Structure formats: structure tokens, C-alpha cells
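Visitor: Here it is: the structure, laid out below.
The values are calculated or read from the model by the stated rules, or taken from the named source; none is laboratory data. Please read these numbers as outputs of a predicted model, since none were measured by experiment. Quick reminder, even Gly has a Cβ in these numbers, built from the backbone with ideal geometry, and neighbours come from all protein chains shown. Surface accessibility is based on the protein's heavy atoms, side chains included, excluding ligands, DNA and RNA. Shrake-Rupley method; radii C 1.70, N 1.55, O 1.52, S 1.80 Å.
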Amino acid sequence: MIQALQDIQAAAGAVFESVAGKSVPISFGNDALALQAASEGVAVCDRSHWGRIQVSDDDRIRYLHNQSTNDFYQLKPKEGCDTVFVTSTARTIDLATAYVLEDSVLLIVSPQRQEKLVNWLDRYIFGADRVKIKDITDETAAFSLIGPDSHRLVEQLGGDELFGKPHASHQVSKLLDVEVRIAVGSGLASPGYTLIVDAVHAATLWQHLVEQLAVPLGDRLWEQLRIAQGRPAPDHELTEDYNPLEAGLGQTLSFAKGCYIGQETIARLNTYQGVKQQLWGVRLSGVVEPGSAITLGEDKVGKLTSVTETPQGVLGLAYIRTKAGGAGLKVQIGEQEGEIIDLPFATRI
């Protein structure tokens, strides 16, 4: 099962660390090659440590529609969306991707978030609700294909019907009698696909992808890419200090769907242009600790939430006061200088 997958990865030079209580390949010792593949060819990243939650029974669509920010009533089987689970005051819990199946909805959630979300969702199931929530993380595996050449591998898997389809569209294909769910979207702003398979077949699928010249990419590089592209993460950009509008998650929000948890706050912020801070990228002159204050002259205008070193220099993510400005703004972070830059993952409203 997953051990067989990790044996193959270890033989290929993978270095493992514990992430969310699971052994995760953080590096394959090929960083330059993997980054090049993600931008020019195709890389494959093991995201099996991300949470996967199955929501089933007759009221599943109504239930998820009422519990998160996007419009589930508009979705049909083989379609999907990104959505955010928020508190009653619209503070972020997690960004999830939802895939609507014939008899259930599959959610991919951030590492370390599935238990919290299962418990949180369970609180809102009442006596008459026909909804079942199940954590299927350990029963399945998930990989991301990242890069422009990912279409070639998906075509080999029989997923060419997905070409040109909207984000989170998905279908089931077969590889050597192994069922693989293929979904549009890499989890980043980069082009690509997400593959979901039963854990028992994870090693077979991974081996096939590598044999077809997908370059393994470790979790450490995933973190570098998510910061460079602006995908917000729990405990960094997704906390109870921020809401989805501030986090640049406009693609997850429906303003026509009616009532849901946190809806009143989000609608009010949008109607009255009340977003006081927004998530931006920061190009830094040197490494600074996350949590550092960002200043403009004598004024504090923001907070650094994530930082990474890349071949192009040090990059970070930060919330910046809306009135202070956006892309091109020159700021100070501790002893380092910074320039605010836009983020390809962000959708601003």
C-alpha cells in the first residue's frame, strides 16, 4: 500500500520527514530538475498526506452548500470547485477542493486539517439531516501533475476528455485495471492535474508516472511553489485573523447562493468594500522570520506570513493594508527591504 509507494520513492533518493503525522517525501535530491519540469515539462508531487473527506447520503449537496462559501447547487457529477470553510464571522478554517461524484462528494483539504474539519462538519449535522462524513485519507493516495506537459500523461491515462474543461472537472480512467480519478487542477496556479487512487494501487500509479518521465518533486519544493504563487495555507495565511476576501480567494465565493455560515460578514465586506487588508507576494532582499511586521516609513502596514528561498531570491507572502497600496509598493521588513508583487493564484474581488 502506501509503504510500497514509499519504498519506490526511497529507492529513487527520497528523503522523508513527518508532516501531519505522516511520512512525506520532502526532497528527491533533484530540486533544479524538478523546478524546471514544473515550469517547462511535468513534475509529480505526492500529496497523499493531504486530507480526503467523503461526504455522502441524500442531503450531501444541500449540506455542503450551507457549510461553505461556494455554490454546490450549480454542480453536477464530474464537476467540482474550490470552496472555503469559514467560521460564523467568516474567518478561514481551510481551503478545500470538492469533486462531485454520482453518490458522494470528495473533499481534498490541507494537511493536518481533516480531523478538525470532520469534527467541525459533524457539529452541524442535525437529526433530520441525511449526511455521512468519513475520513478516507488512509484509504487513498493523491498525486499532483504540475507543468505544461502534464496533458501528455493524462492523455495516456485516457483523460483527454478533460482538456479545456473547468477547474475541478474530473473523470475516472483505468491504468492496467487500476481506477484513477483524474481532476483538472494541480493545486497551484501552474497547469496540471490531480490524481486520486486507492492506496493499494498508489505504488503502481507512481511508478507509471515516473516511467513516463514525470520528475518527482518533494514537499519542500511544493511549499516553495505555493508561496511563490500565492496559495494560502492554514496556520500561515488561513487563520481566524483573516477572511477569504482578504486571502485572495474570490474564486471560491458565491454572492448569489444565499445563506451559509459566515455569509453575512462576507456579503457586507463585499458590498461596502470593507476589505482592510489583502494577501500579496513580497520580493525580499534577505530572509526574514514569518510573523515580522511590515512597515512603510514609520507606519506598520502589514505582516509577513510565509517566506521561502528560491533560485530567484527570497520570496514571501504578506497581508498588506489596502490603503497602503499593492504591487510595486516598497516596504521594510526588519533589516530587509521588500517589494510587493502580485500573485498568480490570487483572485481579487
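Visitor: Within the bounds of segment 14-24, is there any residue that is assigned to a loop (DSSP other than H, G, I, E, B) and touching a Leu at 6+ places or on another chain (Cβ under 9 Å)?
Guide: For segment 14-24, residues assigned to a loop (DSSP other than H, G, I, E, B) and touching a Leu at 6+ places or on another chain (Cβ under 9 Å): absent.
Visitor: (1) open to solvent by 40 Å² or more (accessible area, probe 1.4 Å); (2) on the phi > 0 side of the Ramachandran plot; (3) modelled with pLDDT of 95 or more: which one isn't true of Gln273, the others all being true?
Guide: So the condition that Gln273 fails would be (3).
Visitor: If I filter segment 59-79 for residues that are more than 30 Å from Gln277 (Cα to Cα) and open to solvent by less than 10 Å² (accessible area, probe 1.4 Å), do I get at least one hit?
Guide: Here is the first cut: in segment 59-79, the ones more than 30 Å from Gln277 (Cα to Cα) are 59-63, 73-79.
Pick out the ones that are also open to solvent by less than 10 Å² (accessible area, probe 1.4 Å) and you get 63.
Yes, that holds for at least one residue.
Visitor: Does at least one position in segment 196-210 carry a residue that is buried (at least 23 other Cβ atoms within 10 Å of the Cβ), within 19 Å of Gly41 (Cα to Cα) and either polar (S, T, N, Q) or touching an Asp or Glu at 6+ places or on another chain (Cβ under 8 Å) (or both)?
Guide: Yes.
Visitor: Let me ask another. Looking only at segment 94-139, filter to residues that are in contact with a Pro (Cβ under 8 Å, 6 or more places away or on another chain) and hydrophobic (A, V, I, L, M, F, W, C); which one of those is nearest to Asp198 (Cα to Cα)?
Guide: Leu101
Visitor: Criterion first (within 22 Å of the chain's Cα centre (by Cα), at pLDDT below 95 and either within 22 Å of Asp138 (Cα to Cα) or not in a loop (DSSP other than H, G, I, E, B) (or both)) does Ser39 satisfy it?
Guide: No: the conditions fail for Ser39.
Visitor: Additional query: Name the single residue that is most open to solvent (accessible area, probe 1.4 Å) among those in segment 1-20 being under 19 Å from Ile136 (Cα atoms) and in contact (Cβ under 8 Å) with a residue 24 or more places away in the chain.
Guide: Going through the qualifying residues, I end up with Met1.
Visitor: Then there is this: Return the only residue of Gly147, Gly192 being touching a Leu at 6+ places or on another chain (Cβ under 7 Å), modelled with pLDDT of 95 or more and over 19 Å from Val100 (Cβ atoms).
Guide: Values: Gly147 fails: touching a Leu at 6+ places or on another chain (Cβ under 7 Å).
Of the residues listed, the single one that is touching a Leu at 6+ places or on another chain (Cβ under 7 Å), modelled with pLDDT of 95 or more and over 19 Å from Val100 (Cβ atoms) is Gly192.
Visitor: Do we have Glu102 as out of contact with any strand residue (DSSP E or B) (no Cβ under 9 Å at 6 or more places or on another chain), under 26 Å from Asp59 (Cα atoms) and acidic (Asp, Glu) here?
Guide: yes
Visitor: Then there is this: On the given criteria, is Glu289 part of a strand (DSSP E or B), out of contact with any strand residue (DSSP E or B) (no Cβ under 7 Å at 6 or more places or on another chain) and surrounded by fewer than 16 Cβ atoms within 10 Å (Cβ to Cβ)?
Guide: no
Visitor: Looking at segment 214-264 only, could you name the residues that are within 13 Å of Cys45 (Cα to Cα), open to solvent by 10 Å² or more (accessible area, probe 1.4 Å) and not in a helix (DSSP H, G or I)?
Guide: Across segment 214-264, the qualifying residues are Val215, Pro216.
Visitor: Write out, first by first residue and then by second, each pair whose Cβ atoms fall under 6 Å of each other, whose residues are 6+ apart or on separate chains, and whose first residue, in segment 140-152, is touching a residue at least 12 places away in the same chain (Cβ under 8 Å) and open to solvent by less than 10 Å² (accessible area, probe 1.4 Å) while the second is assigned to a strand (DSSP E or B) and among the polar types (S, T, N, Q).
Guide: Ser144/Thr194
Visitor: Only one of (1) out of contact with any Leu (no Cβ under 6 Å at 6 or more places or on another chain); (2) open to solvent by less than 80 Å² (accessible area, probe 1.4 Å); (3) not in a helix (DSSP H, G or I) is not met by Lys165, so which one is it?
Guide: (2) is the only condition that Lys165 fails.
Visitor: Taking segment 85-138 as the search range and keeping residues that are of a type in the set (Ser, Thr, Tyr) and either touching a Leu at 6+ places or on another chain (Cβ under 8 Å) or in a strand (DSSP E or B) (or both), which one is surrounded by the fewest Cβ atoms within 10 Å (Cβ to Cβ)?
Guide: Residue satisfying both the conditions and the ranking: Ser104.
Visitor: Would you check if there is a residue in segment 298-309 being of a type outside the set (A, V, I, L, M), in a strand (DSSP E or B), closer than 29 Å to Phe72 by Cα and under 22 Å from the mean Cα position of the chain (by Cα)?
Guide: Checking segment 298-309: not a single residue is of a type outside the set (A, V, I, L, M), in a strand (DSSP E or B), closer than 29 Å to Phe72 by Cα and under 22 Å from the mean Cα position of the chain (by Cα).
Visitor: Against the definition (closer than 21 Å to Ser39 by Cα, in contact with a strand residue (DSSP E or B) (Cβ under 7 Å, 6 or more places away or on another chain) and either of a type in the set (D, E, K, R) or in a helix (DSSP H, G or I) (or both)), how does Leu188 come out, yes or no? Explain how you work it out, then say what you get.
Guide: On the way: closer than 21 Å to Ser39 by Cα: yes; in contact with a strand residue (DSSP E or B) (Cβ under 7 Å, 6 or more places away or on another chain): yes; either of a type in the set (D, E, K, R) or in a helix (DSSP H, G or I) (or both): no.
For Leu188, the condition - closer than 21 Å to Ser39 by Cα, in contact with a strand residue (DSSP E or B) (Cβ under 7 Å, 6 or more places away or on another chain) and either of a type in the set (D, E, K, R) or in a helix (DSSP H, G or I) (or both) - is not met.
Visitor: On the basis of being closer than 18 Å to Gly41 by Cα, at pLDDT below 95 and not aliphatic (A, V, I, L, M), does Asp160 make the cut?
Guide: Numbers: closer than 18 Å to Gly41 by Cα: yes; at pLDDT below 95: yes; not aliphatic (A, V, I, L, M): yes.
Here the answer is yes, as Asp160 does meet what is asked.
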